[in-house]
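Before any comments, here is the structure.
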Amino acid sequence: LSGPLKVAVTGAAGQIGYSLLFRLASGALLGPDRPVELRLLEIEPALKALEGVVMELDDCAFPTLAGVEIGADPEKIFDGVNLALLVGARPRGPGMERGDLLEANGAIFTAQGKALNSVAADDVRVGVTGNPANTNALIAMTNAPDIPAERFSALTRLDHNRAISQLSAKTDAAVTEIKKMTIWGNHSATQYPDVFHAEIGGRNAAEVVDDQAWIENDFIPTVAKRGAAIIEARGSSSAASAASATIDAARDWLLGSAANDWVSMAVKSDGSYGVPEGIIYSFPVTTHEGNWEIVQGLEIDDFSRGRMDATAAELEDERQAVTELGLI
Ligand code: NAI
């Protein structure tokens, strides 16, 4: 690899953007030796605010920041990008039904998928953070037929990190001792954070915890509803942690996951573990130089099966809804 990595960020003037851009620019993605060039997409009314953010980026004098371009035209901003982090999305407004939300976001991710398809670099990887992330990724992927489907993923790394953090707090184990965490399914309240295949200091995490009631009534709902708890406490949604997870996910995708561990990534299902083919579903994956592979051979008991199927059913419903809207 040589030259700066061209990284597009959409919704760059938003809350997540305000944390994400500075991390990307300071070398958190690829380290101090590989500069990045930022391509920042926003809607017209937010471009002035984005100019202010760029002034602050300039003022940091980051040695790893090779350049910044901003604009509202995806065909210009995505030109030649190696990595596209699709963060900008339409939040659910008052009185908005799920169908309205899927439709509003459908318009955004259809256009962005098409633009990536025509102008992104041949090696582009596309990570979707903007919600509903899994289905937005499905829409972008379907509208970019020339980009291999495995180049698209949706972010469940924040859920993965939250699960590690909760397990660490429960067991007093350092986060570095906790391996093989899995988030299955949708980045939504139906997600299934799975401790049964996780390890703490090399031992099975569920055995270390030894408290099924805590797993069912505390751990799983706490991880799944953490986003709502943060809104309740902070008055706005998680932003710095979402930015951090967006970087973790992209870094591991490009550079590879750690030996003897895996990460959670929502990717196109190939039918592994009986998950319906074609939906963007979070699996345990290992990554290597920009490619991912679903971890195979995990034993799934009835408890896990039920939860994995429930979150798959929600994603199938979302797929059905966007199919009916003509978005895919
Ligand atoms: P925000 O509302 O502060 O920022 C979103 C930005 O996107 C706004 O500046 C808006 O102008 C921009 N935008 C809207 N449409 C656009 C378009 N067509 N092209 C380019 N930019 C566009 O929201 P925040 O807090 O930064 O969150 C962004 C998204 O990330 C939300 O959908 C949120 O639900 C999601 N999220 C996902 C998480 C995950 O784990 N997957 C965690 C936290 C948030």
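Readers should treat all values here as calculations from the given coordinates under stated rules, not as data from a laboratory. Keep in mind that what you see is a predicted model, and the values were worked out from it rather than measured. Counting neighbours? That spans all protein chains shown, and the Cβs are built from the backbone with ideal geometry, glycine included.
Structure summary
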read-out: Test: residue in the stretch 245-255 that is under 14 Å from the mean Cα position of the chain (by Cα) and either outside any helix (DSSP H, G or I) or loosely packed, with under 15 Cβ neighbours inside 10 Å (or both); value: no
read-out: Residues (within 22 Å of Gly127 (Cα to Cα) and within 12 Å of the ligand (Cβ to nearest atom)) located in the stretch 29-45; value: Arg39, Leu40, Leu41, Glu42, Ile43
read-out: Residues satisfying the stated conditions in the stretch 289-328, i.e. of a type in the set (Gly, Ala, Ser) and either free of Cβ contacts under 8 Å to residues at least 60 places away in the same chain or on the phi < 0 side of the Ramachandran plot (or both); value: Gly297, Ser304, Gly306, Ala310, Ala312, Ala313, Ala321, Gly326
read-out: Among the candidates Ala49, Ala66, residue that is more than 24 Å from Ala144 (Cβ to Cβ), near the ligand (Cβ under 8 Å from one of its atoms) and either out of contact with any helix residue (DSSP H, G or I) (no Cβ under 9 Å at 6 or more places or on another chain) or small (Gly, Ala, Ser) (or both); value: Ala49
read-out: Matching residues in the stretch 42-62 - criterion: being under 17 Å from Gly88 (Cα atoms) and either surrounded by fewer than 16 Cβ atoms within 10 Å (Cβ to Cβ) or in contact (Cβ under 8 Å) with a residue 60 or more places away in the chain (or both); value: Ile43, Glu44, Pro45, Lys48, Ala49, Glu51
read-out: Residue tally, condition within 9 Å of the ligand (Cβ to nearest atom) and either surrounded by 15 or more Cβ atoms within 10 Å (Cβ to Cβ) or among the small types (Gly, Ala, Ser) (or both), over the stretch 78-92; value: 6
read-out: Which listed residue, of Gly297, Gly306, is out of contact with any Pro (no Cβ under 9 Å at 6 or more places or on another chain) and part of a loop (DSSP other than H, G, I, E, B); value: Gly297
read-out: Search result, residues across the stretch 1-28 that are within 14 Å of the ligand (Cβ to nearest atom) and in a loop (DSSP other than H, G, I, E, B); value: Gly11, Ala12, Ala13, Gly14
read-out: Conditions (1) surrounded by 19 or more Cβ atoms within 10 Å (Cβ to Cβ); (2) in contact (Cβ under 8 Å) with a residue 60 or more places away in the chain; (3) of a type in the set (Ser, Thr, Tyr); (4) closer than 18 Å to Ser188 by Cβ; number of the one not met by Ser269; value: (2)
read-out: Number of the condition not met by Gly88 [criteria: (1) in contact (Cβ under 8 Å) with a residue 60 or more places away in the chain; (2) more than 18 Å from Tyr18 (Cα to Cα); (3) not β-branched (Val, Ile, Thr)]; value: (2)
